[in-house]
Amino acid sequence: MVGQLNGLAVFSLGDHMFGKPSRITATTSMGRSGIINIEREADLSGSTHNKGVLILSGYLRKKYAQEKPLTMSASLAFEQSYSGVDGDSASSTEIYALLSSLSGLPIKQSIAVTGSLNQKGEIQPIGGVNEKVEGFFNICKGRGLNGEQGVIIPIQNVKNLMLDDEVINAVRDGKFHVWAVSTIDEGLEILTGVPAGERQADGTWPEGSVNCLVDQQLRAYADVVKKQPEDNNKKDKD
């Protein structure tokens, strides 16, 4: 699916904690509104989650807006979430959804993602990694393990893994996977099956790579918005 993937949250009921996937979606279009956090607009987003969404904007500006303005309107949402959302452990999940929407590349729905993001595109560690992995594994097991399912976690959290023996055996047998990544580009390649692409000496990315497709779309947005009358730009921003 384009612009859609599985995030992971931890729920606590007294002394019992368990992981639960949440569907996160993103839509993008030309405009000047930037990233709209639907959870915040609905008063369901905590301050830490709000900060994580703002960091996404910083990452996009740093990577794709050095030679052109970032003229994009986008919205992020936790679908069918009716309680508060807080924490920044879904920030990498949200940027993957945005980049999928911009590039038009579909994301594998058999994979769930957790990890915080900084403005340089580096993945940062999160809490509850065992509960998150086991929670998604239990859902996949209930639907039938097919060897394609798994979870992407920050590489720093590998040392925190103390998974149930059933999960370990499934990973050993190739029925389930746990990928550890250190950058957004590494995660993109797992989720899309397409090379992320490294910036070349002339400032471009390899043709057909994820970053190339994202850059082309943002450049197209910038060209169209630039040609629009100023009052239309102002109306869109308002």
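Couple of notes before you dig in:
- All aspartates and glutamates inside 17 Å of LYS20 as judged from Cα atoms, apart from same-chain residues fewer than 8 positions distant: GLU79, ASP86, ASP88, GLU94, GLU131, GLU134, ASP164
- Protection proxy ranking of 57-68, 19-30 - average other beta-carbon atoms within 10 Å, highest first: 19-30, 57-68
- Here the Karplus curve 6.51 cos²θ - 1.76 cosθ + 1.60, taken at θ = phi - 60°, turns the phi angles of segment 38-43 into couplings of 4, 4, 5, 4, 8, 6 Hz, with x standing for Gly and Pro.
- Over segment 154-214 - Rg/Rh using Cα atoms and the Kirkwood inverse-distance radius: 1.15
- All-pairs alpha carbon distance profile, segment 112-189, 10 Å steps from 0, percent: 19, 52, 26, 3
- Heavy atoms of the protein chains alone define the surface here; on that basis segment 154-206 has 58 Å² accessible area per residue at 1.4 Å probe size.
- Mean projected area in nm² (Cα convex hull; one quarter of hull surface) for the chain: 13.8
- Full-stretch length increase - ARG143, GLU79 - with 0.36 nm per residue and alpha-carbon distance subtracted: 21.0 nm
- The chain: angle of helix 91-103 to the longest principal axis, Cα-based, in degrees nearest 10: 50
- The alpha carbon convex hull volume per residue for segment 1-114 rounds to 103 Å³.
The values are calculated or read from the model by the stated rules, or taken from the named source; none is laboratory data. Everything quoted here is computed from the prediction, not taken from an experiment. All Cβ positions, glycine included, derive from the backbone under ideal geometry; neighbour counts span all protein chains shown. The protein model used for the area step is the full one, side chains on, heavy atoms only, and it has no ligands, DNA or RNA in it. Shrake-Rupley method; radii C 1.70, N 1.55, O 1.52, S 1.80 Å.
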